[in-house]
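So the structure is just underneath, and the comments pick up after that.
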Amino acid sequence: PQRIKAVEEVLLKQKLSKDIIAAVQQPLSQKIEDEIGGRWSAEYKKPVFIDICQDALNDIWQQARKK
């Protein structure tokens, strides 16, 4: 695991919403590109990593809305 400060910056001091969750895509995509961009598997991994992150944030958002 590693912290992705660009994604953290999007989330900091923001109320979680669909727009905020969507906004993590760009910095996360850039981080993935920086780390594995030239590999053959990057095309597969990039959308998977983004989906996992956004799914986790959506789960947190839905749980918070129930309270």
*asked:* Run the count for the chain, please: Lys pairs, Cα-Cα under 25 angstrom, 8 or more apart or on different chains.
replied: 19
*Helix 25-36: angle to the longest alpha-carbon principal axis of the chain, degrees 0 to 90, nearest 10?*
30
*Pulled fully out, how much extra length does the chain show between TRP61 and LYS46, if you take 0.36 nm times their separation in residues and subtract their Cα-Cα distance?*
3.1 nm
*What relative contact order, as a whole-number percentage, does segment 7-66 give when Cα pairs under 8 Å and 6 or more residues apart are counted?*
36
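Only the coordinates and a few stated rules stand behind these numbers; no lab work does. Since the structure is predicted, the reported quantities are computational estimates derived from the model, not experimental observations.
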